[in-house]
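First comes the structure, then the notes that go with it.
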Amino acid sequence: MKTELLVGIITVALFIIYFIARRRRRKQNKRPVKPGTVVLHQFLPSPLSLSGSPPCLKLETFLRMAKIPYESRYGLKFSKKGKIPWIELNGEEIADSNFCIRFLRNEFKVDIDCSHLSDEAKGLAHSIQTMLEENTYCVSQCSGRLSFFHYYRFSFVMLPSLLSVAAELLIEKHFKGGGGAEGGGGGRVAVELPAPRDRALFYYRFFSPDYAMYTRMQLFGSFSWPLRYVIFYFIQRRCRGDVWSQGIGRHSEQDVYGIAKRDLLAASAVLGEKKFLFGDKPCLADAVLFAFIACATWNCPQSPFAELTKTKATNLERHAQQMKDLYYPDWDEITEKLKSD
């Protein structure tokens with residue numbers, strides 16, 4: 001009886017927090033913007049990187065490379081497809097980072113690849129992008145669902161959002177029969193990269209014996225120890241089901257990391273001593289590579305990916321630094337402010 005009462009109280013509390021946080025997010029995201037300005041919905045920056053999500057960082061980097069006016073809206077407001085990142089432009093909503101880029105290219109008549117890439121180079125660039133997004137990032141991030149928690153400092157400001165997501169999962173499981181996210185189209189709450197993308201980074205954060213403990217403390221360190229372990233257990237169990245269904249969870253830890261390392265070494269070989277992948281001018285594939293390295297190494301400095309960029313693939317770290325210096329003069333200012341908060 002006591003257990004049922006406790007479950008009932010927790011359920012009601014989660015419902016209340018969910019609807020309060022949902023209403024607050026809607027109010028925060030109704031600020032007017034100038035016509036023609038892109039609204040980029042993405043996760044909050046972390047003290048180590050402007051984004052812990054490669055799709056978010058890739059999309060923002062594209063906006064800066066193409067010199068498209070935009071405004072970031074940070075938080076956990078999902079698109080109608082249940083995905084983050086997503087954009088709004090003049091009332092139109094577009095989800096999935098690659099669909100967003102395709103839309104922006106057509107809308108603003110920009111193409112950061114056409115002016116300097118041959119057809120052969122464009123084909124190779126597409127292959128590199130596909131490898132990093134559909135394989136490497138999956139190996140490192142697997143399905144990507146809920147992995148964004150790792151990047152954000154747990155604070156009072158984030159608590160309602162975290163609990164609201166927990167409420168969404170509870171509602172989905174017990175009241176919607178596996179239904180969709182806020183405004184969604186019947187799918188589960190999904191954070192890009194979706195399966196099968198980014199297997200290795202996700203795998204490392206949630207299933208590495210050493211880093212899983214760190215992730216648990218980062219996500220729920222402010223909770224009492226029993227609650228911290230219980231919440232992380234259920235999230236990890238859901239993620240474990242995702243990686244098993246996708247297939248990467250059936251491999252050993254070393255096999256998983258080996259897949260990602262081979263991909264990164266291949267990208268390193270293409271880069272060589274060049275400033276960017278195809279010469280002195282960056283393209284979209286450079287944005288994808290930069291986003292992965294920034295998220296997989298700067299946010300996870302003890303990861304096998306970070307070790308690789310310090311030993312056998314040092315040019316990948318150099319490349320990421322050059323992209324940061326070129327397109328993010330405000331990077332250090334933002335991250336330093338977060339460290340001091």
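The values are calculated or read from the model by the stated rules, or taken from the named source; none is laboratory data. Just so it is clear, the model here is predicted, and its values are computed rather than measured. Cβ atoms come from the backbone with ideal geometry, glycine included; neighbour counts cover every protein chain shown.
Numbers below:
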quantity	calculated
Residues that are among the basic types (Lys, Arg) and outside any helix (DSSP H, G or I), drawn from the range 287-333	LYS312
Cβ pairs under 9 Å, 6+ apart, first in the range 113-132 and at pLDDT 90 or above, second aromatic (Phe, Trp, Tyr)	LEU117/PHE278; SER118/PHE278; ALA121/PHE278; LEU124/PHE278; ALA125/PHE278; LEU132/PHE292
Any chance LEU57 is free of Cβ contacts under 8 Å to residues at least 60 places away in the same chain and buried (at least 19 other Cβ atoms within 10 Å of the Cβ)	no
Any chance LEU5 is of a type outside the set (Gly, Ala, Ser), modelled with pLDDT of 90 or more and not in a strand (DSSP E or B)	no
Answer residue from the range 266-286, given it is more than 22 Å from the chain's Cα centre (by Cα) and not in a loop (DSSP other than H, G, I, E, B) and is nearest to GLN322 (Cα to Cα) among those	PHE276
Subset tally (residues that are on the phi < 0 side of the Ramachandran plot and more than 23 Å from the chain's Cα centre (by Cα)) for the range 98-128	17
Odd one out for PHE62 among (1) closer than 15 Å to TYR327 by Cβ; (2) surrounded by 21 or more Cβ atoms within 10 Å (Cβ to Cβ); (3) touching a Phe, Trp or Tyr at 6+ places or on another chain (Cβ under 8 Å)	(3)
All positions within the range 311-341 that are in contact (Cβ under 8 Å) with a residue 24 or more places away in the chain, of a type outside the set (Gly, Ala, Ser) and under 22 Å from ALA66 (Cα atoms)	HIS319, GLN322, MET323, LYS324, LEU326, TYR327, TYR328, TRP331, ILE334
Filter pass, ALA294 being crowded, with 22+ Cβ neighbours inside 10 Å and modelled with pLDDT of 95 or more	no
The range 77-89 residues that are surrounded by fewer than 24 Cβ atoms within 10 Å (Cβ to Cβ), paired with ones that are polar (S, T, N, Q) and at pLDDT below 85 (beta carbon under 6 Å, 6 or more apart)	LYS77/ASN29
From LEU277, LEU308, LEU265, LEU271, residue being touching a residue at least 60 places away in the same chain (Cβ under 8 Å) and not basic (Lys, Arg)	LEU277
Qualifying residue in the range 299-308 (condition: buried (at least 19 other Cβ atoms within 10 Å of the Cβ) and either within 25 Å of SER115 (Cβ to Cβ) or over 20 Å from the mean Cα position of the chain (by Cα) (or both))	yes
